[in-house]
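Everything below concerns the one structure shown next.
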Amino acid sequence: MADRAPSFSFEPAQMSDREFALYQTLVDKLTGIHLAPIKKAMLAGRLARRLRDCGVDNFTAYFALIDEGGDRQERQIAIDLITTNESYFFREPKHFEAIATHLLPLFVDKPLRAWSAACANGEEPYTLAMVLAQTLGEKAPWEVVASDISSRVLATMRRGLYPMERAKAIPPEYLKAYCLKGTAAYAGHFLVERRLRERVTLAQINLVAPLPEIGFFDLIMLRNVIIYFDAETKRRVVRSILSRLKPGGWLVVGHAESLIGLPDGLEQIMPTIYRKASP
């Protein structure tokens, strides 16, 4: 009788409340995201494989690897795993309808700069690029800057390759004009056309840190990110973002978010859409 190959199993490490508190503090400091206690299981699940890959068997040992003074590369991997990156094309479509109908006609013959400030896997900035190309034309002087804290999602966006199920909300005329259907090894996927990808500039930016020199914008999309910040961090991030918004420019937040107690010089023009007053 042939010997049976030995079987091995990986027993997931358990995260204690003390360990969770360590990660809460570090994540808040690095990203501004507040992890509520109900997120402990989610955090442990996302990091469990890294413990195994790094050869450690508990979350305290892994924390030592990513804490300040630890391995910067591993810290970035942890941030990539922890930060939420869920999005899809044409999410909250009324925003894009409003932009095309009310904002873009003001830029028919002049440059427009837009910033997707938490771009996740790229669905939002590529959606915006499609709308700009369709409304203003592909040769018009418009630019989209897409930023995120996660290097992993920026790499996904740079490729522009997505599973076909992500295309469900893309209008057929946009899908035909700006996307290529994958074949052979890429069957079941679609690729955003190169000519559209080249109009989008990628940047790794932490919104809770001082902003780099990226210029000023006519439109800033800050959707579905400030909901993860506490009140003070939210105020600080919004003030920082507004410093990059031109007078008369639009700031768009997610439908689950609000700017209660609007900053000075900001007026609501539609639900979750705000305009910076001219001086």
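Taking the range 70-117 as the search range and keeping residues that are acidic (D, E) and exposed (fewer than 15 other Cβ atoms within 10 Å of the Cβ), which one is modelled with the lowest pLDDT? Full working, then the answer.
So the first thing to find is which residues in the range 70-117 are acidic (D, E), and the list is 71, 74, 80, 86, 92, 97, 109.
From what's left, exposed (fewer than 15 other Cβ atoms within 10 Å of the Cβ): 71, 86, 97, 109.
Working: D71: 85, E86: 71, E97: 97, D109: 88.
Going through the qualifying residues, I end up with E86.
Candidates are the residues of the range 182-202 that are touching a residue at least 12 places away in the same chain (Cβ under 8 Å) and either touching a strand residue (DSSP E or B) at 6+ places or on another chain (Cβ under 6 Å) or β-branched (V, I, T) (or both); the one that is farthest from C119 (Cα to Cα) is G182.
Kindly check whether there is at least one residue in the range 205-224 that is in a loop (DSSP other than H, G, I, E, B), in the same structural domain as P141 (by TED's automatic domain parsing), β-branched (V, I, T) and within 28 Å of A140 (Cβ to Cβ). Please lay out each step first, then the result.
Kept after step one, since they are in a loop (DSSP other than H, G, I, E, B), are these residues of the range 205-224: 205-216, 223-224.
Filter once more, so that each one left must be in the same structural domain as P141 (by TED's automatic domain parsing): 205-216, 223-224.
Filter once more, so that each one left must be β-branched (V, I, T): 205, 208, 214.
Narrowing the set further to residues that are within 28 Å of A140 (Cβ to Cβ) leaves 205, 214.
Yes, the range 205-224 has at least one match.
The set of residues from the range 204-213 being surrounded by 15 or more Cβ atoms within 10 Å (Cβ to Cβ) and touching a residue at least 40 places away in the same chain (Cβ under 8 Å) comprises I205, N206, L207, V208. Of the listed requirements (1) within 16 Å of L202 (Cα to Cα); (2) among the basic types (K, R); (3) surrounded by 18 or more Cβ atoms within 10 Å (Cβ to Cβ), R152 misses just one: (3). E257 satisfies every condition listed in (1) in contact with a His (Cβ under 8 Å, 6 or more places away or on another chain); (2) of a type in the set (D, E); (3) closer than 24 Å to E97 by Cα except (1). The set of residues from the range 240-271 being loosely packed, with under 13 Cβ neighbours inside 10 Å and within 19 Å of the chain's Cα centre (by Cα) comprises just one member, A256. Within the range 227-239, being among the hydroxyl-bearing types (S, T, Y) and either exposed (fewer than 13 other Cβ atoms within 10 Å of the Cβ) or out of contact with any strand residue (DSSP E or B) (no Cβ under 7 Å at 6 or more places or on another chain) (or both) holds for one residue alone: T233. Just one residue in the set A277, A256 is over 21 Å from E213 (Cα atoms) and in contact with an Asp or Glu (Cβ under 7 Å, 6 or more places away or on another chain); that residue is A277. For V237, the conditions (1) free of Cβ contacts under 8 Å to residues at least 60 places away in the same chain; (2) β-branched (V, I, T); (3) closer than 22 Å to G215 by Cα are fulfilled apart from (1). So, N224, is that one polar (S, T, N, Q), more than 25 Å from L106 (Cα to Cα) and buried (at least 17 other Cβ atoms within 10 Å of the Cβ) or not? Answer is yes for this residue.
The values are calculated or read from the model by the stated rules, or taken from the named source; none is laboratory data. Note that the structure is predicted; figures quoted are calculated from it, not measured. For neighbour counting, all protein chains shown are included, and Cβ atoms are generated from backbone atoms with ideal geometry for every residue, glycine included.
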